[in-house]
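Note sheet for the following structure.
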Amino acid sequence: NIIISCEKIHYKYPDGTYALKGLNINIENGKKIGILGPNGAGKTTLFFHLNGLYKPDYGKIYFEGKEVVYDRKNLKYLRSKVGIVFQDSDAQLFSSSVYEEISFGIMNLNLPKNEVKKRIDYVITKLKIENLVNRPTHFLSGGEKKKVAIASILAMSPEVIILDEPLANVDSKAADEIIEILNQLNSENKTIIISSHNPDNIYSWADYIYVLYDGNILGEGTPYEIFSND
Ligand code: ADP
Ligand code: ADP
């Protein structure tokens, strides 16, 4: 059961940088997917296509079997279903307090007030960040910021959660906690996609891996298939 697929997508930045060169990707529902590749490979650019922030120059993207339509209504739906946790937490977190931060995205979904509160309480408990709720985001550690960013995405109740280099700038204890949270979400049938430039972070975790290099897919398969070949 494929939840997102990309069919030969190409993307050039306005300055001419050719970032994606015809990618075919099929993301299976409920799986743990690793996107492996060095800096500049195109991981972030790909992610921005998966939730409709960028539109491919050529090629097509399908979500839940339907071709993505780039109008306001469809994009709002897609962005609530495919959440991205950015690599740079400071770029994602712009509210002054943790509670406000977690409320921000979900407030735009026009949900009843009690549903908003219910979801916020749920993600705070889920991420075990009760102790952070009344603190200013600015002074949190890297790992704490990452958890708050995950909570704010999770409050939207996405089916797919994408994390761009989630273990960068995070200490090893927080990294283990984050992986545990992601594994728990995956056990609840959420599809989780993680990028990394470091195979160690992906090898033992992912069900399926895409290797990206210079805007192309160099290989794909189970970790065993990927790492036994070369
Ligand atoms: P990764 O996430 O794997 O590090 P990116 O998707 O960020 O890779 O970048 C892919 C390519 O696109 C790189 O060559 C990068 O320099 C380029 N790139 C990224 N963002 C921009 C931008 N805003 N304008 C021009 N080129 C960009
Ligand atoms: P710990 O590293 O605390 O001993 P476990 O071995 O219980 O954690 O790992 C729990 C799950 O998370 C396993 O599937 C493991 O492969 C994965 N995992 C642990 N550390 C990482 C990491 N740094 N990156 C990706 N996955 C990881």
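The values are calculated or read from the model by the stated rules, or taken from the named source; none is laboratory data. Values in this document were obtained by computation on a predicted structure and should not be read as measured data. Cβ: placed from backbone, ideal geometry, glycine included. Neighbour counts: every protein chain shown. Just the protein is used for accessible areas: all its heavy atoms, side chains included, with ligands, DNA and RNA removed. Shrake-Rupley method; radii C 1.70, N 1.55, O 1.52, S 1.80 Å.
Structure values in brief
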read-out: Farthest toward positive dipole pole in the stretch 31-117 [+1 Lys/Arg, -1 Asp/Glu at C-beta], among L93, P38, V82; value: V82
read-out: Two-site FRET efficiency, K66 against S172, from Cβ-Cβ distance with R₀ of 41 Å, rounded to 0.05; value: 0.50
read-out: Helix-derived mean residue ellipticity, 222 nm - over the chain, DSSP H n ≥ 4, -39500 (n - 2.57), to 500; value: -11000 deg cm²/dmol
read-out: Most to least accessible of F48, F63, F227 (protein chains only, probe 1.4 Å); value: F227, F48, F63
read-out: Segments 12-22, 140-150, 164-174 sorted - mean Cβ within 10 Å per residue, highest first; value: 140-150, 164-174, 12-22
read-out: 0 to 90° range, to nearest 10: angle between helix 142-154 axis and the chain longest Cα axis; value: 90 degrees
read-out: Portion, in percent, of the accessible area of the stretch 1-143 that falls on carbon or sulfur, probe 1.4 Å; value: 52 percent
read-out: Rg followed by Dmax, in Å, when the chain is reduced to its Cα trace; value: 17.3, 53
read-out: Fraction of beta bridges assigned by DSSP in the chain that are antiparallel (%, nearest 5); value: 55 percent
read-out: Accessible area expressed per residue, the chain, with surrounding protein chains retained (probe 1.4 Å, Å²); value: 51 Å²
read-out: Summed residue charge, Cβ within 9 Å of S157's Cβ, Lys/Arg positive, Asp/Glu negative; value: +1
read-out: Probe 1.4 Å - accessible area at T45, Å² to nearest ten; value: 10 Å²
read-out: Hydrodynamic radius of the stretch 69-126 per Kirkwood, over alpha carbon pairs, in Å; value: 12.9 Å
read-out: Mean Cα-pair separation over length for the chain, i.e. relative contact order, pairs under 8 Å, 6 or more apart, %; value: 30 percent
read-out: Net dipole in debye of the stretch 1-49 [+1 Lys, Arg Cβ; -1 Asp, Glu Cβ; about Cα centre; nearest 20]; value: 80 debye
read-out: Accessible area of E7 in the full protein assembly, 1.4 Å probe (Å², nearest 10); value: 90 Å²
read-out: Dipole magnitude of the chain, debye to nearest 20 (Cβ charges: Lys/Arg +1, Asp/Glu -1, about Cα centre); value: 880 debye
read-out: Accessible area of Y77 in the full protein assembly, 1.4 Å probe (Å², nearest 10); value: 110 Å²
read-out: Using alpha-carbon coordinates, inclination of helix 72-81 to the longest axis of the chain, degrees; value: 80 degrees
read-out: By accessible area with a 1.4 Å probe, ligands and nucleic acids excluded, highest first: order of H10, H197, H49; value: H197, H10, H49
